[in-house]
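Student: Sharing a structure with you now.
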Amino acid sequence: MAFITTKSLPRRTVLRGLGATLALPFLDSMVPAFSLRGLANGKPAHRFQTFYVPNGMAMEYWSPKTEGAKFDLPPILEPLAPFQDQMLVLSGLKASWNYIHAGASGSFLTGTPRGGRNEVEIIADVSMDQLLARQFAKETQLGSLEVAMDAPANAGACTGNLSCAYTHTISWRSATQPLPMEYNPRAVFEKLFGDTGSTDRRAREARLRQHKSILDSVTEKLAGLKRELGPQDQLKVNEYSESIRDIERRIQKAEEQSDLEIPTLEQPQGVPPVFEDHLALMLDLQLLALQSDLTRVISFMISKEQSARPYPQIGVPEAHHPLSHHGDVPELIAHMSKINRYHTQLFSQYLAKLRATPDGDGSLLDHMTILYGSGISNSNRHAGDNLPILIMGGGAGRLKGGRHLVYNDQPTMANLLVTLMDKLDVPVEHIGGSTGKLPIDTLSGM
């Protein structure tokens with residue numbers, strides 16, 4: 001049962017300090033405010049996140065052998081075993097735009113059936129995350145957050161002589177406006193908590209020179225607020241504050257390491273030189289953004305399409321993209337599967353943090369719908385059929401997990417996007433080239 005004090009806080013309570021705005025996580029003392037306002041009977045918000053993985057999948061190691069409930073997890077999905085009860089594996093979906101790497105990421109959230117024909121013609125559709133952002137922005141500080149592990153490049157040709165916009169982002173504000181994905185943790189941190197009013201480099205550098213912690217700037221206000229909260233809420237605020245403090249420290253350390261170890265113009269401050277350190281920071285920032293309800297929509301790319309990142313730390317020295325064209329050589333497919341499995345291991349660690357983060361009467365994971373997958377299946381031939389797709393999370397009670405659904409009529413990803421919009425209570429008639437909704441509430445597909 002929630003501990004409710006006489007102190008009733010608005011859901012969007014923020015503490016402002018010098019150059020900082022600190023939003024608070026969902027607290028028990030906010031429940032009366034919710035009830036008074038008639039918002040979902042005090043229930044936490046439903047949030048959406050995309051977790052995109054590039055270069056296709058070793059499908060032999062991904063696809064479950066049985067349909068329905070209580071299916072056995074194949075090797076790539078085994079790291080997600082603790083979350084199988086909140087997992088939907090969808091087989092049989094095809095890409096809306098099957099055009100090598102550009103179509104894979106370019107249509108993943110837009111459902112567009114076609115794109116441009118050269119590097120300067122940029123055409124897609126409004127992506128699902130941005131349709132949600134338009135609605136959820138009425139309640140949050142940020143409509144959406146777009147983050148990635150690779151530097152953005154929304155100009156020039158990257159694949160098939162088409163614009164790099166298709167491979168470097170999955171978010172589109174309009175049919176002709178791809179959104180850049182931010183990969184610098186410092187920039188993400190300031191977008192969430194800073195108050196410079198500008199992303200201009202000089203403004204950000206001035207903020208850094210202040211050497212003022214976000215928490216230090218709101219210390220007195222935070223202490224005053226905690227005196228008015230119940231014990232459980234005080235504990236939540238303390239844990240949340242420690243998370244922010246830890247991220248501040250890690251970003252500062254990363255900037256020091258960047259200056260010392262990689263003094264190059266291409267390496268901006270704030271990006272740790274080690275992939276796992278960088279990823280951990282980016283995921284923790286996303287966790288904070290969701291926990292504090294700064295946004296309810298996040299799009300994340302663990303790598304861009306055609307990523308050549310090697311993974312020697314797991315025994316795969318080959319570059320990812322060249323390895324994905326394995327020529328059906330079993331040994332190379334096995335190596336490819338190790339990268340795919342490593343991605344689900346890292347994803348599993350993030351899910352564990354979401355599940356461990358209280359949110360109302362459950363956890364953040366309970367109140368989230370997470371779309372995980374790739375816009376390519378068999379990477380050797382850039383296949384756009386039978387895409388590797390997962391839906392994770394409790395969906396705020398709107399999703400029933402623990403099932404493998406197979407769709408035999410090959411509906412497109414666009415149909416899934418329309419279906420998820422309905423589950424998030426933002427119904428739309430169509431997205432991209434969609435032709436209807438998918439049945440995901442029954443044990444069988446179609």
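Nothing in this text is a laboratory measurement; each read-out follows from the coordinates by a stated rule. Just so it is clear, the model here is predicted, and its values are computed rather than measured. Cβ placement follows ideal geometry from the backbone for every residue including glycine, while neighbour counts extend to all protein chains displayed.
Student: If you take every residue apart from SER144 with its C-beta less than 10 Å away from the C-beta of SER144, what net charge results, scoring Lys and Arg +1 and Asp and Glu -1?
Tutor: Once all neighbours under 10 Å are counted, the net charge is +1.
Student: Calculated FRET efficiency, LEU235 and VAL120, Cβ-Cβ r, R0 56 Å, to nearest 0.05?
Tutor: Using R0 = 56 Å, I get an efficiency of 0.55.
Student: Relative contact order (percent) for the stretch 265-361, with alpha-carbon contacts under 8 angstrom and 6 or more residues of separation?
Tutor: 19
Student: Which number comes out as Rg/Rh for the stretch 269-387 once both Rg and the Kirkwood Rh are worked out on C-alpha atoms?
Tutor: Answer for the stretch 269-387: 1.02.
Student: Taking the Cα atoms of the stretch 109-185, report the difference between the largest and smallest coordinate on each principal axis, in whole Å and largest first.
Tutor: 40, 29, 15
Student: Next question. Residue separation times 0.36 nm, minus the C-alpha to C-alpha distance between GLU276 and GLN135: what's the value?
Tutor: So the chain would gain 47.4 nm between GLU276 and GLN135.
Student: Label ASP422 and ALA157 with points 7 Å out from Cα along Cα→Cβ: what is the distance between them in nm?
Tutor: Using points 7 Å along Cα→Cβ, the separation is 4.2 nm.
Student: Could I ask something else about it? Work through the residues other than LYS338 whose Cβ is under 14 Å from its Cβ and net out their charges, Lys, Arg +1 and Asp, Glu -1.
Tutor: It works out to a net charge of -2.
Student: Compute the length gained on full extension between GLN410 and VAL329: take 0.36 nm times their separation in residues and subtract their Cα-Cα distance, giving the result in nm to one decimal.
Tutor: 26.4 nm is the gain from fully extending GLN410 to VAL329.
Student: Full-extension gain between GLN345 and ALA81, please, as 0.36 nm times their residue separation minus the C-alpha to C-alpha distance.
Tutor: Here the segment from GLN345 to ALA81 would lengthen by 94.0 nm.
Student: Take the Cα atoms of the stretch 284-328, find their three principal axes, and give me the spread along each one in whole Å, biggest first.
Tutor: 45, 20, 15
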